[in-house]
Each structure stands twice: as C-alpha cells, then as structure tokens.
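Remarks on the structure that follows.
The values are calculated or read from the model by the stated rules, or taken from the named source; none is laboratory data. These figures come from a predicted structure and were not determined experimentally. Ideal geometry is used to build each Cβ from the backbone, glycine not excepted, and the neighbour counts take in all protein chains shown. Surface accessibility is based on the protein's heavy atoms, side chains included, excluding ligands, DNA and RNA. Shrake-Rupley method; radii C 1.70, N 1.55, O 1.52, S 1.80 Å.
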Amino acid sequence: MHALVGDAVRKACSELFSVELAEGQLQLQKTRKEFEGDITVVVFPLTKLSKLSPEATGEALGKFLTEQVAHVSKFNVVKGFLNLSMSAEFWKGFFAAALKQDDFGFASPNSAPHVMVEYSSPNTNKPLHLGHLRNNFLGYSVSEILKAVGHRVTKVQIINDRGIHICKSMVAWKNYGNGETPESSGLKGDKLVGKYYVEFDKAHKAQMKALIKQGMTEEQAAQQTAIMQEAQEMLRLWEARDEATIELWTKMNGWVYDGFASTYKSMGVDFDKLYYESNTYINGKEEVEKGLAAGAFFQKEDGSIWIDLTDEGLDQKALLRKDGTAMYITQDIGTAILRFRDFPDLAYQIYTVGNEQEYHFKVLFMILKKLGFEKADQCYHLSYGMVELPEGKMKSREGTVVDADDLMEEMATVAQEVSAEQGKLEGLPEAERNQLFHIIGTAALKYFLLRVDPKKNMLFDPKESIDFNGNTGPSVQYTYVRTQAIQRRYAEAHPGFNPKEANSEGHTLSTAESEVVAKMYEWPAVLRMAATTYNPADIAHYSYDLAKLYNAFYQDHQIVKETDEQARNFRLALTYKTGVVIREAMRLLGISMPDRM
RNA sequence: GGCCCCGUAGUUCAAUGGAUAGAAUAGAAGUUUCCUAAACUUUUGAUAUGGGUUCGAUUCCCGUCGGGGCUACCA
C-alpha cells in the first residue's frame with residue numbers, strides 16, 4: 001500500500017506540478033482513526049513544489065489519485081493532510097491472499113545472514129533474578145524475531161564461571177558448610193551456592209568491623225580480612241590448577257548448572273552453544289599478549305598490561321593484572337574473537353547486556369579494533385534498561401532481589417486464583433491445570449517485561465501483582481482461546497470445514513471486520529520494524545491491538561450462528577487467521593498459547 | 001568533578017518533526033436468556049521548567065530543576 005501510493009504520489013507530482021519528488025519529501029502515514037481513510041499523505045512538504053496552499057495541493061493530489069490509481073477509492077483533505085481510502089476490493093483481495101499464505105509476514109528460513117545472539121550470561125555464584133528475566137526474555141525474543149525475518153541465528157551465553165565471586169562462595173562453603181549439598185539440604189543448587197555467597201559477605205563484614213576497630217581504614221580492612229585473603233588465595237590456586245580447588249569448583253558449579261537448567265526450562269529459553277569463561281580467558285590472554293607485541297597496548301613497570309584510549313576521549317584501561325591473571329575484559333576479548341573463528345560465516349553478533357555496561361562494551365569494541373580484528377565493527381551491544389523496584393535498584397545485600405524462580409511461581413499462583421474466581425477449568429485434571437497456570441503466569445510476566453521499549457528503564461512493584469486484564473499477556477491469550485473455541489464449536493456441526501477454502505466472495509465487509517483486516521495488513525511491516533530495531537515491544541503492542549480489534553468485532557457480530565453463508569465463511573476465516581497471527585506473534589515473544597483457559 | 005541515559009494522565013507504558021498527545025490500570029456509569037465478561041461500550045484525567053530552530057516540537061539544540069547509571073589491577 002505504501003509503495004503503491006508512494007509511486008502514485010510521485011507520478012502525480014511530476015504530472016501536476018512537473019517536479020520530481022526528492023527523498024524525504026514524501027511522507028506517508030497510517031490515517032489516524034478519528035479521520036476517514038486508510039493512508040495519509042502529509043502535504044506540507046509538497047506545497048513548495050506545487051506553489052499552492054496545503055488544502056489546494058491536497059485536493060489536486062487526491063483528485064488525481066482517485067481517478068488514476070486503482071484501489072484508491074476516496075479522499076478527503078483536512079488541513080495539510082490528504083486522507084486516502086482504499087477500496088473494499090483491495091482489502092478483500094489482501095485478506096484472501098494472506099489467508100492462504102501460512103507463513104504470512106515471515107521470510108523464508110536462512111534467507112538472511114547468520115547472526116549470533118548472546119544473552120543471559122550469568123555469574124555462577126548466585127541464582128537468577130528479575131534482571132536476568134528481562135535479559136533472557138529479550139535475548140530469546142530478539143533471536144526468534146531475527147529468525148522470523150530470515151536470519152540463521154545462533155543463541156549463546158558466556159558463563160562467568162571463574163573469578164573471585166565463585167571463590168567467595170567456595171571459601172564460605174568450605175568454612176561453614178559442613179558438607180551441605182543440594183540433596184542434603186533440599187535446596188536448589190544455585191540457591192545453595194548463593195546462600196554461601198551471602199555467608200561470605202556476612203563473615204567478611206564482621207571481620208572488617210573488627211579490623212577497623214583496631215585502627216585500619218575501611219579500604220585497607222576490605223582487603224585484609226582473613227576470609228578475603230582466603231578467597232584470593234583460592235583464586236590463585238584455581239589459576240594454578242590446584243587439584244582440590246578445581247574439584248571443589250567443579251562440584252559447586254555443577255550444582256549451579258543444575259539449578260539454572262531448571263530455571264531456564266521454566267522460563268522457556270534455550271541456547272545453541274555455551275561459552276565458559278574458564279576456557280575463553282586463555283584466548284583473551286593470548287590476544288592481549290599479541291596486542292602488546294604488536295604495539296597496540298603497553299606494559300607498566302609492575303608488569304600489568306594496559307590500553308591507552310585517551311585519544312578517544314576515554315581513560316586508560318587495564319587488560320591484564322600485574323600477576324598476569326585475566327580480568328573481566330580479558331576474557332571478553334578472547335570470547336569475541338573465538339566466536340567468529342567458531343562460525344566463519346557469522347555476519348555479526350549481538351550482546352544482550354544491561355545498559356550499565358555501555359562503557360565496558362564501548363571500550364571492548366575499541367580494543368578489538370586496535371587489535372586489528374576485522375569483525376570489530378560487526379559487534380553490537382543490545383543495551384537494555386534496568387528493572388527498578390519502587391525503592392530503587394535491587395541490592396542483594398539489602399535483600400531486595402526478586403528471585404526468578406519465586407516470581408515465576410508466584411505468577412502461576414495468581415493465574416490459579418484468577419481462574420478459580422471465575423470458576424474456570426474445573427473439569428480439567430490437576431497436572432494439566434498446573435501446566436496451564438504456568439503458561440498463563442509466564443505469559444503475564446513475559447508480556448509485562450517485553451512490552452516496554454528495551455532501551456528504557458522500567459519499574460516493577462512486587463507488592464502489586466502483575467495484571468491479567470487489559471494490555472497484558474493473558475488477555476491476548478484469552479482472545480486466542482476465543483478464536484479456537486469458535487472454530488471448535490463450528491467444527492462440531494461441520495466436520496471437515498476448511499476456512500481457507502470457504503467461499504465469501506459476495507460478503508461486504510463491515511467497519512469492524514475491515515479494521516481487523518487492516519490491522520492484519522500491518523503485520524509484515526511491524527515484524528520487519530521489530531527486527532531492525534531489536535524491539536519485541538513493537539510485537540507485543542501489535543498483538544494486543546489486533547486482539548482488541550478482534551474482540552470489538554466479536555462483540556457485535558455473529559459467527560457460528562450467522563445465517564448468511566458467505567458472511568459466516570468470511571468471519572470463520574477471519575477468526576482462523578487472527579488466531580494464527582496472534583499465535584505466531586506471541587511465539588516470537590516466547591509466549592505460548594493455551595487451547596483453553 | 002567528568003561522561004552517558006531518562007522526566008508524558010493518580011499509576012504503568014505508547015507516539016519515523018505532523019492532525020484533537022494514544023493504551024492499560026485505578027475512579028464514575030453501563031453490557032451476560034446470544035460462539036467463554038481474563039471481554040465489550042461510555043466517561044474523568046498528562047508532555048518537569050525557561051529559551052531557541054521550524055509552516056509545525058513530547059520528539060531536534062541550549063539553560064535550569066529532578067531521577068538513574070558509568071567513571072576498579074570487581075564481574
């Protein structure tokens with residue numbers, strides 16, 4: 001429609017005003033719903049060419065377009081806006097074509113370049129929390145959206161399994177754990193390890209207090225506590241491959257992975273390949289050595305290796321410690337290069353990481369460039385905002401962290417309560433019901449987190465449970481369930497009915513019907529936009545809009561009971577296709593559709 | 001201190017420089033002898049502030065005020 005009208009307006013301008021439109025002078029937008037029409041030409045930019053008032057220019061264009069262009073049936077001019085209406089045949093023709101196209105809106109698989117999407121990337125010393133949920137849902141959804149527009153996608157995560165943080169948990173477990181295991185305690189593995197991370201912090205704080213009393217400054221004390229020294233010693237032992245340390249490390253990380261696996265399963269996300277920092281940090285060290293030899297980096301007297309980014313307006317940045325051990329950024333250098341080596345056809349990679357690390361990635365990409373890495377420009381930081389609580393940022397020390405498992409479970413409970421209130425699902429076996437509650441609960445959560453522009457910070461209030469009414473996941477699910485229920489009902493009396501084949505040639509579309517069709521028409525463009533901006537929120541909003549229009553249509557149209565065969569066939573087809581588009585759109589958000597609820 | 005991001009109905013979110021700033025929720029008023037009311041209909045209510053650019057600014061530029069983040073030989 002845009003292309004059709006765009007070309008026509010260009011032609012009109014050259015014939016009416018004898019000028020060629022420059023890029024940017026042609027402005028087309030969807031007509032606002034207060035006005036009559038489907039597509040609007042913004043006339044202001046054209047007045048300079050036409051040398052007429054905005055109104056007169058609009059009238060002239062409108063007259064030309066309705067007379068000369070097929071499918072443009074009517075026009076009206078309001079101020080400087082030319083509203084064009086497409087003909088009924090245009091909408092019916094579009095719907096008939098879309099109906100038969102099972103992959104309507106989607107590009108064919110592997111028709112676009114191979115991309116890698118990194119997300120999740122947890123530390124292995126504590127359980128996943130609300131921030132990880134936004135990260136995982138976003139990364140998973142962006143991957144699905146990229147696949148939908150034809151990319152081959154490899155989903156990965158880098159597991160931060162190495163470093164002082166895990167050593168802290170290890171020391172605390174060794175000192176205070178009495179051999180406790182997930183089996184003996186009944187705790188999920190990641191929760192158990194997280195518990196000892198907190199234990200470490202407690203002991204460390206207590207020891208600091210004592211040292212400060214003896215006259216040390218806070219900074220000194222933080223370095224000097226016995227337990228901190230022990231953790232640092234453990235890190236040294238780990239890098240030296242000390243057998244007992246590696247054994248403990250392997251065991252505790254194993255517990256964490258078991259815990260994560262169950263959380264990921266509950267979230268409905270997965271990965272094609274895992275990278276472990278404990279492997280990639282070695283590559284990073286090698287790359288840093290190479291860079292030093294090539295003169296990209298420099299070494300300080302104490303032996304530490306740095307990069308000078310002051311020319312770029314940034315600071316100097318350490319890349320390797322004086323004792324030669326790797327830092328966070330060291331392994332990131334190695335990982336980036338390793339990934340392109342693992343997948344030679346990789347066009348680019350996307351890092352789904354919070355916006356507090358924007359500086360880190362800016363520096364990382366600059367380092368890669370200085371190293372002469374040819375794919376340095378093919379790395380993109382998909383930066384997303386934090387999830388804030390009413391009292392501000394989540395802080396594990398203050399116990400204000402919202403745990404991922406707890407939250408998902410709570411959402412399922414709310415789903416159960418809502419369902420019970422309305423007396424639904426009573427005949428269903430318990431296992432099936434619980435599965436439904438999980439599907440509905442996670443839908444509410446995913447939609448809540450994905451409907452917001454990823455770049456923006458957002459607020460979550462744990463005291464107010466996430467809504468199930470209005471612009472929410474369950475509400476969209478409900479509409480889908482409605483489309484399925486109607487089709488089931490019709491099939492009872494008419495087995496073998498195929499909405500794709502049913503004849504509705506003679507049916508004239510009502511306003512509500514054509515609004516649903518017009519919204520459906522937008523789907524391919526919405527999907528492309530979401531893919532180019534890495535923004536699942538576009539898809540969430542679209543799904544809700546479509547569901548809302550369908551519900552309005554449903555409200556005052558008979559479907560199964562409609563006596564006119566052509567009208568009934570059309571409405572059944574519309575119901576079928578709306579269901580398909582909603583299901584596919586929500587699938588791209590990682591939200592699955594129940595058959596009933 | 002320096003750098004970056006954000007201030008939109010009571011609240012949570014929308015709005016490629018375009019029309020009368022949209023939704024949801026909360027508040028008010030309605031709709032179930034008819035395919036599931038997690039729905040539908042009506043209604044109240046907002047661009048922090050002062051300038052500038054523009055035919056036109058929530059959007060772009062500058063200042064002020066407010067909020068957040070980064071600025072480790074932590075990850």
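Can we say A:Gly372 is touching a residue at least 40 places away in the same chain (Cβ under 8 Å), more than 14 Å from RNA strand B (Cβ to nearest atom) and open to solvent by 50 Å² or more (accessible area, probe 1.4 Å)? Yes.
Condition first: of a type in the set (Ser, Thr, Tyr) and surrounded by 14 or more Cβ atoms within 10 Å (Cβ to Cβ). Now tell me which residues in the range A:13-51 satisfy that.
Keep residues of the range A:13-51 that are of a type in the set (Ser, Thr, Tyr), which gives A:14, A:18, A:31, A:40, A:47, A:50.
Within the range A:13-51, A:Thr31, A:Thr40, A:Thr47, A:Ser50 qualify.
Set side by side, the residues A:Ala567, A:Ala540, A:Ala552 differ, and just one is of a type in the set (Gly, Ala, Ser) and near RNA strand B (Cβ under 7 Å from one of its atoms), which is A:Ala552.
Of the numbered criteria (1) under 26 Å from A:His129 (Cβ atoms); (2) open to solvent by 30 Å² or more (accessible area, probe 1.4 Å); (3) without any contact (Cβ under 8 Å) to a residue 24 or more places away in the chain, the one A:Thr413 fails is (3). Would you check if there is a residue in the range A:99-112 being modelled with pLDDT of 95 or more, more than 16 Å from RNA strand B (Cβ to nearest atom) and in contact with a Ser or Thr (Cβ under 9 Å, 6 or more places away or on another chain)? There is no residue in the range A:99-112 that is modelled with pLDDT of 95 or more, more than 16 Å from RNA strand B (Cβ to nearest atom) and in contact with a Ser or Thr (Cβ under 9 Å, 6 or more places away or on another chain). When A:Ser169, A:Ser143 are screened for being under 21 Å from A:Gly268 (Cα atoms), small (Gly, Ala, Ser) and in a helix (DSSP H, G or I), only A:Ser143 passes.
For the range A:332-352, which positions are open to solvent by 20 Å² or more (accessible area, probe 1.4 Å) and hydrophobic (A, V, I, L, M, F, W, C)? If you could, list the steps in order and put the result at the bottom.
Looking only at the range A:332-352, we keep the residues that are open to solvent by 20 Å² or more (accessible area, probe 1.4 Å), and these are A:338, A:341-345, A:347-348.
Selection gives A:Leu338, A:Phe343, A:Ala347.
Just one residue in the set A:Pro499, A:Pro454, A:Pro474 is within 6 Å of RNA strand B (Cβ to nearest atom) and surrounded by 19 or more Cβ atoms within 10 Å (Cβ to Cβ); that residue is A:Pro474. Restricting attention to the range A:416-445, and to residues there that are charged (D, E, K, R) and within 14 Å of RNA strand B (Cβ to nearest atom), which single residue is most open to solvent (accessible area, probe 1.4 Å)? Ranking the qualifying residues of the range A:416-445, first place goes to A:Glu421. In the condition set (1) within 16 Å of RNA strand B (Cβ to nearest atom); (2) open to solvent by 10 Å² or more (accessible area, probe 1.4 Å), A:Ala326 is compliant with all but (2). Would you check if there is a residue in the range A:273-286 being closer than 27 Å to A:Val117 by Cβ, touching a Ser or Thr at 6+ places or on another chain (Cβ under 8 Å), open to solvent by 40 Å² or more (accessible area, probe 1.4 Å) and more than 16 Å from RNA strand B (Cβ to nearest atom)? Yes: one or more hits.
Within the range A:525-543, residues that are open to solvent by 50 Å² or more (accessible area, probe 1.4 Å) sit with their Cβ atoms under 9 Å from residues that are outside any loop (DSSP other than H, G, I, E, B), at 6+ positions apart or across chains, in these pairs: A:Ala525/A:His2; A:Met529/A:Asp538; A:His541/A:Val526.
Can you find even one residue in the range A:5-12 that is in contact (Cβ under 8 Å) with a residue 60 or more places away in the chain and open to solvent by 90 Å² or more (accessible area, probe 1.4 Å)? No, every residue in the range A:5-12 fails to be in contact (Cβ under 8 Å) with a residue 60 or more places away in the chain and open to solvent by 90 Å² or more (accessible area, probe 1.4 Å).
Conditions tested, residue by residue: (1) assigned by TED's automatic domain parsing to the domain that holds A:Ser465; (2) within 24 Å of A:Ala585 (Cα to Cα); (3) not hydroxyl-bearing (Ser, Thr, Tyr).
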{"site": "A:Pro390", "(1), (2), (3)": "no, no, yes"}
{"site": "A:Gly399", "(1), (2), (3)": "no, no, yes"}
{"site": "A:Gly427", "(1), (2), (3)": "yes, no, yes"}
{"site": "A:Thr442", "(1), (2), (3)": "yes, yes, no"}
{"site": "A:Leu445", "(1), (2), (3)": "yes, yes, yes"}
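Within the range A:137-192, restricting attention to residues that are β-branched (Val, Ile, Thr) and more than 30 Å from A:Tyr380 (Cα to Cα), the residue that is nearest to RNA strand B (Cβ to nearest atom) is A:Val171. Of the residues making up the range A:289-323, just one is assigned to a helix (DSSP H, G or I), of a type in the set (A, V, I, L, M) and open to solvent by less than 70 Å² (accessible area, probe 1.4 Å), namely A:Leu292. On the stretch given as the range A:105-149, residues that are hydrophobic (A, V, I, L, M, F, W, C) and open to solvent by 20 Å² or more (accessible area, probe 1.4 Å) total 4.
Residues in the range A:63-86 that are among the aromatic types (Phe, Trp, Tyr) and away from RNA strand B (no atom under 14 Å from the Cβ): 1 in all.
Against the definition (touching a residue at least 12 places away in the same chain (Cβ under 8 Å) and charged (D, E, K, R)), how does A:Asp308 come out, yes or no?
Numbers: touching a residue at least 12 places away in the same chain (Cβ under 8 Å): no; charged (D, E, K, R): yes.
Considered against the rule, which asks whether it is touching a residue at least 12 places away in the same chain (Cβ under 8 Å) and charged (D, E, K, R), A:Asp308 comes out as no.
Being modelled with pLDDT under 95, within 30 Å of A:Lys456 (Cα to Cα) and not assigned by TED's automatic domain parsing to the domain that holds A:Lys456 narrows it down to one residue among A:Lys362, A:Lys285, A:Lys290, A:Lys322; which is it?
A:Lys362
So which residues in the range A:458-468 are out of contact with any helix residue (DSSP H, G or I) (no Cβ under 6 Å at 6 or more places or on another chain) and either near RNA strand B (Cβ under 6 Å from one of its atoms) or closer than 11 Å to A:Ala537 by Cα (or both), if there are any at all? Once the filter is applied, which keeps residues that are out of contact with any helix residue (DSSP H, G or I) (no Cβ under 6 Å at 6 or more places or on another chain) and either near RNA strand B (Cβ under 6 Å from one of its atoms) or closer than 11 Å to A:Ala537 by Cα (or both), the range A:458-468 yields A:Met458, A:Leu459, A:Asp467.
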